[in-house]
Amino acid sequence: MKIRSPYLIKPNEHVRLAKKSTSDTGGYKSEESAAAVLVKHRTQLADLQDTLYASESKALLIVLQGMDTAGKDGTISHIFSGVNPQGCDVASFKVPTPIEARHDFLWRTHAQVPPRGMIGIFNRSHYEDVLSPRVHKIISDKVMRRRLDDINSFESMLFDNDVLILKFYLHISRDEQTRRLQSRIDNKKKHWKLSDADIHERKFWPDYMDAYNRILSTTSHKHAPWFVIPSDNKWYRNVAISAIIVDLLDGLKLKFPKPTLDASEIKL
């Protein structure tokens, strides 16, 4: 897959999130100037999804990762609001259930991989089974290395079986997370979004950054690239991600399958 983006993490790149902007807007001066572009991307994505769905030759897996309040839900709702629901599935991965925990850590993930013709979105993903367990020292550094190797092999296998993978890390600053959490606290209608974990995990911010630096540095490949998307500005996050998705699907040059009958001979 050849995708040009300033946010692409090249294979074997030594990633330091602290050196990557969370507030870049890609040259857009305002939210209004980007709004029309996002509408265009939605229209393009809807058309491209039709062809993907009909051709059944490729699947697209989109992985969304980020700290709490980074905007994974918002990304899904703003970018994919125009696609046909029949051709798009969303899977969320939280703390493993007892039965999931008894299987290998990729078991529950593999079951949610989209079949050819479909777009699958992972709201959090198999990376959660490396990230949080390592931050909280539930797994050792050795196990983390082994799981990252397993993930690389897993994603390579998916690509060999016509599953295209795009992975997005939604990069927000700690100050922006503070503002978003405070907004939820101040607005009673947003209290349902609050959880003990949101507050508790904030003190582990440096550890999460270290873990993400390692994940991004070791699991971005041509067949499964990572993109670090500046996400302090939600409106730019949406434009930046949708542009990459449209670029990939458009580059496939997929075609509708040949008809099984001659429509010109049909008389109703």
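The values are calculated or read from the model by the stated rules, or taken from the named source; none is laboratory data. Just so you know, these numbers come straight off a predicted model, no measurement behind them. With ideal geometry, Cβ positions are generated from the backbone for all residues, glycine too; neighbour counts draw on all protein chains shown.
Quick grid of which residues meet (1) farther than 22 Å from T75 by Cα; (2) of a type outside the set (V, I, T):
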{"position": "V143", "(1), (2)": "yes, no"}
{"position": "K188", "(1), (2)": "yes, yes"}
{"position": "H191", "(1), (2)": "no, yes"}
{"position": "D196", "(1), (2)": "yes, yes"}
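What about A70, is it at pLDDT 95 or above and farther than 30 Å from K258 by Cβ? Judged against the criteria, A70 is a match.
Residues in region 48-81 that are among the hydroxyl-bearing types (S, T, Y), part of a helix (DSSP H, G or I) and over 17 Å from the mean Cα position of the chain (by Cα): T51, Y53, S55.
Quick check on region 38-47. Is at least one of its residues in contact (Cβ under 8 Å) with a residue 40 or more places away in the chain, more than 29 Å from E201 (Cβ to Cβ), more than 18 Å from the chain's Cα centre (by Cα) and not in a loop (DSSP other than H, G, I, E, B)? Yes: one or more hits. Among the residues in region 59-82, are any closer than 22 Å to D150 by Cβ, among the aromatic types (F, W, Y) and touching a helix residue (DSSP H, G or I) at 6+ places or on another chain (Cβ under 9 Å)? Scanning region 59-82 turns up no residue that is closer than 22 Å to D150 by Cβ, among the aromatic types (F, W, Y) and touching a helix residue (DSSP H, G or I) at 6+ places or on another chain (Cβ under 9 Å).
Of all residues in region 117-135, none are exposed (fewer than 14 other Cβ atoms within 10 Å of the Cβ), free of Cβ contacts under 8 Å to residues at least 24 places away in the same chain and closer than 25 Å to E201 by Cα. Examine region 109-119 for a residue that is of a type outside the set (S, T, Y), assigned to a strand (DSSP E or B) and on the phi < 0 side of the Ramachandran plot, and state whether such a residue exists. For region 109-119, residues of a type outside the set (S, T, Y), assigned to a strand (DSSP E or B) and on the phi < 0 side of the Ramachandran plot: present. For region 212-253, what are the residues that are under 19 Å from K40 (Cβ atoms) and outside any helix (DSSP H, G or I)? Correct list: I229, N233.
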